[in-house]
Each structure stands twice: as structure tokens, then as C-alpha cells.
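Below you'll find the structure, written out as C-alpha cells, and then a few comments.
The numbers here are math on the coordinates, done by the rules we state, and not lab data. Just so we're clear, the structure is a prediction, and the values are computed from it rather than from any experiment. Here Cβ is always computed from backbone atoms with ideal geometry, including for glycine, and neighbour counts include all displayed protein chains.
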Amino acid sequence: MEDSRQTTHGILGAAAVRAQNSRLLLNLLWKEREISRAELARRTGLSRSTVSAIVSDLLDTGLVNEARAGVSSGGRRPIMLEFQDQSSFIVGIELGATHVSCVLTDLRCKVRASWSAPVPVRDDPALALKKMTMGVGAVLDAAGVQASQLLAIGVAVPSPVDSKRPGELLPLVVPKWEGYNVATHLEESFKRPVFVDNDANLGALAELWWGAGSAAKDLAYIKVATGIGAGLIINGRIFRGSGGIAGEIGHTSIDPNGPQGICGLNGCLHLFVGTPALLRRAKDEMLASGSKRQPPASVDELVNAALDGEPSCVEVLRYTGNKLGVGIANLLNLLNPRTVVLGGGIARAGDLVLGPLHETILNLSLPASILNTEIKTTGLNQWGIALGAATLALQTALETPALFPTKSREVA
Ligand SMILES: [Zn+2]
């Protein structure tokens, strides 16, 4: 047996071993961008002949090219293999509660085109699906890319996602989506594989790969929007729970005697700091204070007014920080993540929210659970969640190399 990894031949079968070896090499090639065959063999522990055979397949697919000679260690200069970031492309879609956003990225998740439109997604699934198709068409056109050049499409949805029925949204959260399927709609339109996950999960994934939490393996991303959701990364993986419901921090009760939400539960966090609650509160505060300004019609306007120093809006953000702090303190006590990232439109308010949030957390978390935790706002822009959806497609393909387009023969 020339490879230690091939000792499992008898159990896995030759094809499975080859797929596993392809996956190992492809991930290293992607990570290093440029590496020699000898180095691949050294780093993976695979034999040179195994590496050569798989690399030869990868060269055929166009995923990898041979490039300039690397630095010589004395003998013949090795030929370097270069991962081709633009050998295929990915579309990432964010289906928000009130908008649809699309990005087209390369295989490094570098955004090459983007598109967004306001859509009443919760109330009009048919229109949302139509707009999604339009958005994908628009980013393909803008980047000059054909649908056939897509590796896959990733979609972030404003609902928990059950891995057994990934294209379906949870009727409890979005009742009008009963009977609609995001994944099959896109698969039929573009004939490419589609991967769906919850928006906060994908916000967390984007942070882990490209944003504030890139050094942390344990991370919580809190999406503050129409609903409130947490994406949890535990030991480098999205934690979904047994039925995809994990991270529904918006439905944790911060007041058991509080009002009842559409979810049927009492005193949920989202009833206090979801977008509708915040705008209502801002309007009430401004009326009460006799402010002459027009009450904000969106979280963006609320944050702008607060950054402008409008006292009622500053107060609403303080309130938001305090209430979010209750939910996040509980999360810290339970999970003790390394990083907590605040996302959504509210993130732009920075210290106006983070300050009061910290105050609450200091009062409600065990000191030991916050000692090593950093709480910050997202460093990614408004395309962060769509980028997370593209990242899901990339991550899935790197784990399942057969998803990558092939030119002349199968990779694995
Ligand atoms: Zn609720």
C-alpha cells in the first residue's frame, strides 16, 4: 500500500477513495492558490502518482492550470499548479423579508455583479420567485456570464430550513409560502444545482470566511431586520440543530408576560426590536417629544436620523441595544462564542447600539462567558448575506468536487 489513505480501500471502494483524494487536493489547491505537485503530495501524504493522476483530471476541467516555475530548491524548477478562480461562477441570492438581492461571484467569492430590488417577499411568493429569476438574469448579463458557466446557485431565505426539504420555507414563519419551492424553481429556470439555507446562517458563514469572524471558529451572527435570527458557527461549521431551527434567537422570550407575535409565542425578542417594532417606537417617541422631523420609514432612515443626533431616534437605538443585549447575554451564557457579529441595517449605527448592548450584557452574562468574546458590527456591506449564499455553494462544491463542471471526463 503506497498511501496510508488507501488502506481503507476495502471499506470505501476505489471510487470513494479517489473522490476523497480529489477533495483533499482540490481544497488545498483552492486554499494555496498556487502549489506544486510535489508540495501537494507532501502536504496530503498522498503518493506522487496519485497526485499526478488527479491533477491531470483537474487540468482537463480547467479548474487548475499549470503556471510559471516556482522557486527552485536546488534541482529542476517545479511547475506550479494554479487554481483558476474564474473557471466558473456562482450566484448568491438573498431573499429578504422585503427585498431580493443577487450577486455573481467567481470561485473566490469576489463579487463581479450585483442586483437588488424591493419585493414584498413574505406576502407575494410568486412575485418573489419571478424577481429572483430576473435578478439572476441581470447579474449574469452584467458579468457577461452564461447560466451554463455557473457552478451553482446559493439562496438565503428568511425562514428556518429543514435539510430534508431545503427549498421550502417554514409556513409558521411565512404562511403564504406554503406550496412554493425556491430550489426547484431556480433549478428549472437555470438547470444548475441550488443550495438553500437560512439567511442568518449564511450571514454567519460569510463572516467566518470573509468578514469579522475569519479568525474565530465559534461565532454567532445576529441578523437584526424584520425578524431577528442568529447564525451559529460551532467549531467552524454551521450549527443547524436537528430540524434546522437552531439560532431562532428572535423567538426567545425576553418577557413571558409580553405581547403575542404571529408565531403564537409571548414576549419574543423580535416583537421588541424587529423593524416594524422599531419604526413604531421611533414614531411614538418623536410624537411624544414634539419633534418636527418626519418619522423614519425604514431602519436606514432611523439610523441616519440617530447618527444626525435626533434624540428620539438615538433613544430608540439605545432601547434596541438594551433589548438585543438580553437575548445576546443568554446566547453568551449558553454558547460562549469567540465572536458575536451584529448584522442587518442596524449595524451601521455602531456604538449607538453596541454601547447599550454591552451595558446589558455586563449585567446579564457570567463574567467568564464574556471574557474572551468580542462583540462587533459586521464589516461586510449590504451584499453580505448574498455573499454567504454564494459561499454555501462554494463550500458545498469544495466538499463535493463532482459538482464542479467537467470538460472531458469526470473529476471524481
Ligand atoms: Zn416569536
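A simple rule links phi to the HN-Hα coupling: the Karplus curve 6.51 cos²θ - 1.76 cosθ + 1.60 with θ = phi - 60°, which for the range 294-310 gives 6, x, x, 9, 8, 4, 4, 5, 4, 5, 4, 4, 5, 5, 6, x, 4 Hz, with x for Gly and Pro.
Structure shown: which of K223/K376; K130/K223; K31/K110; K176/K323; K31/K376; K131/K191 lie over 20 Å apart, alpha-carbon to alpha-carbon? Long pairs (Cα-Cα over 20 Å): K130/K223; K176/K323; K31/K376. Exposure proxy shown here: for M132, M80, M286, the number of other Cβ atoms within 10 Å sets the order, fewest to most, as M80, M286, M132.
If both residues of a DSSP beta bridge must be in the chain, then about 60% of such bridges are antiparallel. Dipole magnitude for the chain: about 840 debye, using +1 per Lys or Arg Cβ and -1 per Asp or Glu Cβ, origin at the Cα centre. Karplus-based coupling profile of the range 34-43, in residue order and whole Hz: 9, 7, 8, 4, 4, 5, 4, 5, 5, 6, with θ = phi - 60° in 6.51 cos²θ - 1.76 cosθ + 1.60 and x standing for Gly or Pro.
In cubic angstrom, how much convex hull volume per residue do the alpha carbon atoms of the range 268-412 span?
Each residue corresponds to 149 Å³ of Cα convex hull volume.
Cβ-to-Cβ counts within 10 Å put K130, K283 in ascending order as K130, K283, the fewest first.
Under 26 Å Cα-Cα from K292, which lysines qualify once same-chain neighbours fewer than 8 residues away are excluded? Within reach: K283.
Just checking the listed ones, P160, P120, P367: in the Gaussian network model of the chain with Cα springs under 10 Å, the one fluctuating most is P367. Could you check how many percent of all C-alpha pairs in the chain are farther apart than 38 Å? Summing the P(r) tail past 38 Å for the chain gives 28 percent. With neighbour counts taken as other beta-carbon atoms within 10 Å, the residues W383, W30, W177 rank, fewest first, as W30, W383, W177.
Distances between placed amide hydrogens fall under 5 Å for L342 paired with I222, K376, T377, T378, all partners being 5 or more residues away or on another chain. When you work out D = kT/(6 pi eta Rh) for the range 19-96 at 37 °C and 0.692 mPa s, using the Kirkwood radius from C-alpha pairs as Rh and the Stokes-Einstein form, the result is 245 µm²/s.
Among L12, L366, L151, the largest mean-square fluctuation in a Gaussian network model of the chain (Cα springs under 10 Å) belongs to L12. Considering only T44, T377, T226, the Gaussian network model of the chain with Cα springs below 10 Å gives its largest mean-square fluctuation to T44.
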